[in-house]
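One structure is given here, and the rest of the page talks about it.
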Amino acid sequence: MRTGHRLARAYTPRMFSVAVSVLTALVVWLVTALALGWGRLPGGRRRALALVTSGLGLVMLMVALSAQGQREAQTTGQFLLGGEYVTGHASASASLRYYVATAVCLLLGTAGLALPDETARRLDRHPVAVAVALSLLVTALRFALEKVAAPETWAYAVGITWLAPVVGAVFFVHAREEGRGWRAVISALLRYAVAARGAVALLMVVATAFRLGSHYDLSAVKHLRVRGDEYWFTPGGARQILYLGVIPQVTFWVAYTVLAGLIGAGVAAAIFRIRGGQRAEAVPVEPPNSGSRELSA
């Protein structure tokens with residue numbers, strides 16, 4: 001019994017962490033799908049969603065006005081093989097994170113209300129550009145949240161790593177509607193991945209060179225151990241920026257984005273196939289001619 005209790009205590013935090021990650025993924029994917037599919041929503045639904053977004057911004061503003069004190073948080077990142085690293089500490093007023101959320105919600109809500117229907121439909125015809133713009137916005141928001149010492153859960157939820165499966169599914173839907181195949185989906189994912197990850201790599205270069213903080217700033221990472229080998233870097237040096245920032249972003253993370261996008265596209269293709277089969281089964285069969293007879297078993 002004691003062993004069982006120890007195992008339960010050990011697995012409970014892990015299970016909670018997994019549950020939080022799954023819930024975060026579902027919420028982020030829903031928001032991403034709404035953002036990427038904004039142009040094809042009916043005008044009434046777009047405006048209703050914009051009002052809800054603006055209302056959320058007002059709620060964040062009220063919370064910001066009531067928040068008091070100072071908040072401190074450390075900014076961390078994760079290397080592919082070298083484990084987690086700490087880039088520094090951020091200190092800011094406890095209300096700043098809510099002001100950032102207020103600004104984002106009010107800007108998106110206002111843009112949604114002011115966007116004409118024709119402009120929304122025109123945006124829907126350029127899915128790659130819309131996906132890249134969304135990724136740039138998410139990257140900027142992640143940087144801002146880390147600078148104002150937002151909780152780690154906030155920064156964890158705001159990241160372009162989550163976007164790839166939904167982006168792939170949206171690209172598949174557009175390719176299917178245009179009568180194009182998987183080559184078009186892969187091409188769109190590759191262009192999106194290079195642009196989105198290239199922007200992150202550029203931000204890492206600037207943040208590290210000018211010591212801007214956040215996990216994009218790698219200047220504090222002077223020592224790295226990978227599988228028993230040790231590597232030393234000069235803070236803000238070209239070798240540090242190249243090996244720790246640029247190369248991983250334009251190689252591994254581009255490949256990850258394409259593969260994760262293809263998984264999302266595959267899920268979308270499976271859903272369309274299932275729905276197509278169900279519709280085919282629902283088509284009524286014409287009754288036999290009056291002169292014909294059915295075979296009996």
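What base-10 log of the normalised intensity I(q)/I(0) is obtained for the chain from the Debye formula, alpha carbons as equal point scatterers, at q = 0.13, 0.16 Å⁻¹?
Debye output, listed in q order: -1.08, -1.40.
First measure r as the distance between the Cβ atoms of A103 and D229, then evaluate 1/(1 + (r/R0)^6) with R0 = 30 Å and state the FRET efficiency to the nearest 0.05.
Details: r = 44 Å, r/R0 = 1.48.
Once the sixth-power term is evaluated, E becomes 0.10.
For L163, what is the net charge nearby, where nearby means another residue's Cβ is under 13 Å from its Cβ and Lys, Arg count +1, Asp, Glu -1?
Details: positive: R142, R197; negative: none.
Around L163, the charge tally is +2.
Counting pairs of alpha carbon atoms under 8 Å apart in space and at least six apart in sequence, what relative contact order in percent does the chain give? Working shown, then result.
Values: 362 pairs, mean separation 56.2, N = 297.
Reported relative contact order: 19 percent.
Can you tell me the orientation of helix 43-66 relative to the chain, as the angle in degrees between its alpha-carbon axis and the longest Cα principal axis, to the nearest 10?
Approximately 20 degrees, to the nearest ten.
Nearest 500 deg cm²/dmol is fine: what mean residue ellipticity at 222 nm does the chain get from its DSSP H runs of n ≥ 4 alone, each adding -39,500 (n - 2.57), divided by its residue count? Kindly include the intermediate steps, with their values, before the conclusion.
Values: 11 runs with 194 residues, N = 297.
The per-residue figure over the chain is -22000 deg cm²/dmol.
Amide H neighbours of G88 under 5 Å, counting only residues 5+ apart in sequence or on other chains, H built in-plane at 1.01 Å?
Those lying under 5 Å, H to H, from G88 are T75.
Label points 7 Å out from Cα along the Cβ direction at Y256 and R239: separation in nm?
Label-label distance for Y256 and R239, simple model: 2.5 nm.
Segment 111-135 to segment 214-249: how many Å between their Cα centroids?
37
Can you give the FRET efficiency for E152 and E118, using 1/(1 + (r/R0)^6), R0 = 30 Å, r = Cβ-Cβ distance, to the nearest 0.05? Don't skip to the end; give the middle numbers.
On the way: r = 42 Å, r/R0 = 1.39.
It comes to 0.10.
On C-alpha positions alone, give me the angle between the axis of helix 252-282 and the longest principal axis of the chain, in degrees, nearest 10.
It is inclined by approximately 20 degrees.
Be a star and scan segment 173-200 for residues whose amide nitrogen sits under 18 Å from the point 7 Å along the Cα-to-Cβ vector of R40.
173-189, by backbone N distance to the label point.
Only the coordinates and a few stated rules stand behind these numbers; no lab work does. Worth saying up front: this structure is predicted, and the values here are computed from it rather than measured. Note that we place each Cβ from the backbone using ideal geometry, even for glycine, and neighbour counts take in every protein chain shown.
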